[in-house]
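So the structure is just underneath, and the comments pick up after that.
The values are calculated or read from the model by the stated rules, or taken from the named source; none is laboratory data. Every value quoted in this text rests on a predicted model; they were computed, and no experiment measured them. Don't worry about glycine lacking a Cβ; one is built from the backbone with ideal geometry, like all the others, and counts go over all protein chains shown. Accessible surface areas use protein heavy atoms only, side chains included; no ligands, DNA or RNA. Shrake-Rupley method; radii C 1.70, N 1.55, O 1.52, S 1.80 Å.
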Amino acid sequence: MPIPKVLGIETEYGIVVAGAPEANPISTSSTLINAYVAGLADRVEWDFVDESPGVDARGFAIDGGSGIELDTHLVNAVLTNGARLYVDHAHPEYSSPECISPSQALLYDKAGEEVMVRAMASARRLLPAGQEIVVYKNNSDRKGNSYGCHENYLVDREVPFQQLVKELVPFFVTRQVIIGAGKVGSEFSGSKATDVDFQLSQRADFFEEEVGLETTLKRPIINTRDEPHSDGQRFRRLHVILGDANLSERSTWLKLGLTAIVLAMIEDGFLQDLKIELADPVGALREISWDPTLQRSVLLQDGRRIRALEVQYAYLEHALEYVEHFGVSYLGNETDGPALLEEWGRVLQALDDDPMTLADTLDWVAKWQLVRGYQERHQIEVGDPRLAAIDLQYHDLRPERSLFRRLPMRRMLDETTVSWATSNPPPDTRAYFRGTCLAKFPGSIAAANWDSIIFDLGTDPLRRVPMMDPLRGTEAHVGELLRRVHSAQELVEALGS
Amino acid sequence: MAEREQVRKSSSTRPEVAEEEATPSAERSDQLKAELDDILDEIDEVLEDNAEEFVRNYVQKGGQ
C-alpha cells in the first residue's frame, strides 16, 4: 500500500538587472527578497540545525568538500503559506510548502511565481530610474550555466534505493516528452550538439551521471541526497533534480502527478515486470531531448530499441492496471488520480499523432510553435539571436513582458486562488501548523524550518516544537486549537500537555 | 482491498481539477494556428529591442 505522496517544488529563478547587466546576482537576489519581505508584517528566520545535504541515500555521508555548497545564510524567510523564500547559489529561491496532492502542489508553485511578480514590483521602487530587477522561471542562461527546479516526494523508507533507481530511471529519462520546457539550440559541448535547433528540455544538456549526490556539477539523473526533513526511519524525501521549471499549469501538474503515481507503483512492487532498462540512460536523456519529432529510438540493455513514447505508454499501462487494485487516495484526493490518468493517455496519443495540437497544453510545444512561427514569418536563420531571445522571454515573469502569458494556454487555476495561496498554507500537511503559527504569533517565533518551529516565549530556554511527520499539524489536527489559543505560550503549553 | 475499492468508488465533491470540453484535434490545431498568427502580429512590440545584446547579457551563476 503506498504512503501518501506529500510533495512540493523548489525553484531557483534566473535574475538580472535590466539596465545594469554587471550587477552582482547575490546582492540583487537579496534586494529582491528583502523588498518582498519588507512589505509583509513580520519576518521569521530559517533555522539550519537539521540541514544535512551531504548525507547519501546509498548509506554514507560526506563532509563538505566535493563541490557541495552549503547555504549562504544570506536572506532567509518563512512565509505564512508555509513556504521558504531565500537566496541560494546567487538565485532567488522559493520552496513551496508540503502539499497533499499534485493539484495543490501546482497551486503553491504558481503562488511562488506570484510572490516573485510582487517582489519585482516592490524592488522597482528601490532601484535607480532605468533599472529593473527581472526574474525568469527557467533553468539555463544559454551559456552553459544551469540552475534547478527540484521536486520532492515522500517515499516509504522500506523501498530499497536500488529498486527506486532501476524502476525510475526509464521514466525520468522519457518524461521530458511531456513536461520539458523546451530550449532553442544546445549547450552541450560536443559535435553532436551543433545540429540541435530546438530540444525538449532545458536541463538535459547538463546531466552526466545516472546516480549521485551532486547537484551543481556532474549532475545525476537520480539524486541521492538523503535529507528526509521528517522521521528518517519511516520516510525518504526523494529529491528530484532532473526536471525543468514549467510555466504551463498542465505541465507542472503532469510532472508532479505522473511521478507520484510511478513512485506509488514502485512502493507496491508493481513495476517489477516492466523489463525496460536503458543501455545508456545519460546518453538517452540527450538523444530524446534533441529530437522534438519524437521518432528516434534509444537502445535497451537487452538490445531492443524503443521510442520515448513507448516507454511512457508502458508506465501508463501499468498505472491503469494499478489504479484498479490500489485506488488513488494516496494522491491526496479522489479527483487528481482519474484526471491525471486520462490526461496522460490523451497527451501521449496527441504527441504520437501531431504534437502541435498540444501547443495550448505543454511548455515545449507552446515554445516550439512560437519559435517556428516567428522563424517562418520573418524568414530568419536557425541561429538568429531573436529566436534565442524568444526562448528566454517565454520565461520572463513580468506580466507585460512574458511571452508565455500571451499564449492561449489551458488553465487549471484562477488568479484569486493563487493570490490566496501566497499567504495561506495548505490545510492538509504540517505546513498548516508552520504557516498559521507564523501568521498568528510572528513575534514569538525565533526560527522555523521544515520539521520544527522554535518558539521564543520570552523566558529561557527557547522551546522547539518538532514536526517530524509531514501529515501531522494539519487543520484537522490543530485548527481548532490554533483558533482557540491567544498566545504562543498558551499554544506551547497545550501542545506539551 | 474492499475498503480501498469503496474509497475509489465514492465520489468526491471537491472539483480540484477543472476539465474543459476538448475540441476535436484537427479543428483545435487550426484554431491554435490562427491564434498564433495574432500573437506573431504583436510579438515585436514586447520582444526585447536588441535581441543580440539581451541574449548576450543574460548571464547567470550556475546553481543546483
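Go through region A:123-161 and give me each residue that's of a type in the set (A, V, I, L, M), part of a loop (DSSP other than H, G, I, E, B) and over 16 Å from residue A:240 (Cβ atoms).
Selection gives A:126, A:127, A:129.
The set of residues in region A:263-302 that are of a type in the set (Gly, Ala, Ser) and touching a residue at least 60 places away in the same chain (Cβ under 8 Å) comprises A:264, A:284, A:289. Among all positions in region A:147-161, there is at least one residue which is open to solvent by 10 Å² or more (accessible area, probe 1.4 Å) and within 14 Å of chain B (Cβ to nearest Cβ).
If you go through region A:310-349 and keep only what is under 24 Å from residue A:360 (Cα atoms), surrounded by fewer than 21 Cβ atoms within 10 Å (Cβ to Cβ) and more than 14 Å from chain B (Cβ to nearest Cβ), you end up with A:310, A:313, A:316. Scanning region A:162-176 for residues that are more than 12 Å from residue A:240 (Cβ to Cβ) and either among the basic types (Lys, Arg) or buried (at least 24 other Cβ atoms within 10 Å of the Cβ) (or both) yields A:166, A:170, A:173, A:174, A:176.
For residues in region A:13-26 being open to solvent by 30 Å² or more (accessible area, probe 1.4 Å) and in contact with a Leu (Cβ under 9 Å, 6 or more places away or on another chain), which is nearest to the other protein chains (Cβ to nearest Cβ)? Among them, the one singled out is A:26.
Please specify each residue of region A:354-381 satisfying the condition of being in a helix (DSSP H, G or I) and among the hydroxyl-bearing types (Ser, Thr, Tyr).
First, pick out the residues of region A:354-381 that are in a helix (DSSP H, G or I): A:355-358, A:363-378.
Once the filter is applied, which keeps residues that are in a helix (DSSP H, G or I) and among the hydroxyl-bearing types (Ser, Thr, Tyr), region A:354-381 yields A:357, A:374.
Among the residues of region A:253-262, is there at least one that is open to solvent by less than 30 Å² (accessible area, probe 1.4 Å) and free of Cβ contacts under 8 Å to residues at least 40 places away in the same chain? No. Residues considered: B:21, B:52. Of these, the only one that is modelled with pLDDT of 90 or more and open to solvent by 70 Å² or more (accessible area, probe 1.4 Å) is B:52.
Criterion first (at the interface with chain B (Cβ under 9 Å from one of its Cβ atoms) and among the small types (Gly, Ala, Ser)) does residue A:303 satisfy it? So residue A:303 fails the test. Could you please find all residues in region B:25-64 being among the charged types (D, E, K, R), facing chain A (nearest Cβ under 7 Å) and in a loop (DSSP other than H, G, I, E, B)? Matches in region B:25-64: B:48, B:61.
Restricting attention to region A:295-309, report how many residues are among the aliphatic types (A, V, I, L, M) and open to solvent by 30 Å² or more (accessible area, probe 1.4 Å). Result for region A:295-309: 1. When residue A:387 is tested against (1) over 24 Å from residue A:411 (Cα atoms); (2) not in a helix (DSSP H, G or I), just one condition goes unmet, and that condition is (2).
Among residues of region A:359-382 being surrounded by fewer than 19 Cβ atoms within 10 Å (Cβ to Cβ) and more than 7 Å from chain B (Cβ to nearest Cβ), the one that is nearest to the chain's Cα centre (by Cα) is A:372. Taken over region A:383-403, the criterion of being more than 24 Å from residue A:246 (Cβ to Cβ) and open to solvent by less than 60 Å² (accessible area, probe 1.4 Å) is satisfied by A:384, A:385. From the list A:51, A:10, the lone residue that is outside any helix (DSSP H, G or I), under 30 Å from residue A:258 (Cβ atoms), open to solvent by 10 Å² or more (accessible area, probe 1.4 Å) and at pLDDT below 90 is A:51. In the set (1) under 30 Å from residue A:319 (Cβ atoms); (2) of a type outside the set (A, V, I, L, M); (3) touching a residue at least 12 places away in the same chain (Cβ under 8 Å), the condition left unmet by residue A:383 is number (1). Hey, can you tell me all the residues within region A:293-337 that are closer than 30 Å to residue A:474 by Cα, of a type in the set (S, T, N, Q) and assigned to a loop (DSSP other than H, G, I, E, B)? Within region A:293-337, A:333, A:335 meet the criteria. For region A:213-260, filtered to residues that are among the hydroxyl-bearing types (Ser, Thr, Tyr) and assigned to a loop (DSSP other than H, G, I, E, B), the residue that is nearest to residue A:320 (Cα to Cα) is A:248. Please work out if residue A:201 is more than 21 Å from residue A:106 (Cα to Cα), open to solvent by less than 20 Å² (accessible area, probe 1.4 Å) and part of a loop (DSSP other than H, G, I, E, B). When the stated conditions are applied, residue A:201 does not pass them. The requirement of being of a type in the set (Phe, Trp, Tyr), open to solvent by 60 Å² or more (accessible area, probe 1.4 Å) and either within 14 Å of chain B (Cβ to nearest Cβ) or within 30 Å of residue A:455 (Cβ to Cβ) (or both) is fulfilled somewhere in region A:419-430, by at least one residue.
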